[in-house]
1. In degrees between 0 and 90, to the nearest 10, how far off the longest principal axis of the chain does helix 3-18 point, with axes built from Cα atoms?
2. Classify the chain: rounded, prolate or oblate, from the alpha-carbon gyration tensor (a ≥ b ≥ c, eigenvalue square roots; a/c under 1.5 rounded; otherwise prolate if a/b is larger than b/c)?
3. Using a Cα-Cα cut-off of under 19 Å, which lysines could be cross-linked to K17, ignoring same-chain neighbours fewer than 8 residues away?
4. Cβ under 10 Å from E60's Cβ, E60 left aside: what net charge do those residues give with Lys, Arg +1 and Asp, Glu -1?
5. P(r) for the range 51-104, please, calculated from all Cα pair distances in 5 Å bins and given in %.
6. Residues with amide H under 5 Å of R39's amide H, sequence separation 5 or more or different chain, H placed in the peptide plane at 1.01 Å from N; which?
7. In what sequence, largest accessible area first, do D28, D57, D78 appear using a 1.4 Å probe?
8. Going by accessible area, probe 1.4 Å, with all protein chains left in place, what is the ranking of H93, H38, largest first?
Amino acid sequence: MSFQASASKAVDALFAKFGRAAHLVFRDNTEADATVIHRFPDRVVDVMDTRVHTGTDLFELRLSEIDPAKAIYQIIIDDKTYVAQGEPVRDQHGLVLRIEAYAF
């Protein structure tokens, strides 16, 4: 079995275990359903004398479920809407797309 096939199986297992159904809205107003892994915002951390917090959520999507040429505008999970920000980042094997978003 090739590395790509093994990595794809591992990603599939990860999404089967931790994935949640989500509704995606793209910038061209088309929509799609996909499975996402929702990683919650960073915690408050101390940096010297300052406390730092980020309210940015992180979402991971399988590239095999979406059209990578389309830009994602919103991710809707359990009636809560998140607006994508910044550029999405692909993993080194081209299997997963990581998107930062904030609650709307």
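The values are calculated or read from the model by the stated rules, or taken from the named source; none is laboratory data. Every value quoted in this text rests on a predicted model; they were computed, and no experiment measured them. Neighbour counts are summed over all protein chains in view; Cβ atoms, including those assigned to glycine, are modelled from backbone coordinates with ideal geometry. The area values use the complete protein model at the heavy-atom level, side chains included, leaving out ligands, DNA and RNA. Shrake-Rupley method; radii C 1.70, N 1.55, O 1.52, S 1.80 Å.
1. For 3-18 against the chain, the angle is about 60 degrees.
2. On the way: a/c = 1.97, a/b = 1.30, b/c = 1.52.
Taking the square roots of the gyration eigenvalues as a ≥ b ≥ c, the chain is oblate.
3. Result set, ordered by chain and number: K9.
4. +2
5. Reading the bins upward from 0: 4, 18, 29, 23, 15, 7, 2, 1.
6. For R39, whose amide H was placed from the backbone, the distant partners under 5 Å are L58, F59, E60.
7. On the way: D28 90, D57 10, D78 115 Å².
Accessible-area ranking of D28, D57, D78, largest first: D78, D28, D57.
8. Working: H93 65, H38 20 Å².
Largest accessible area first, the residues go H93, H38.
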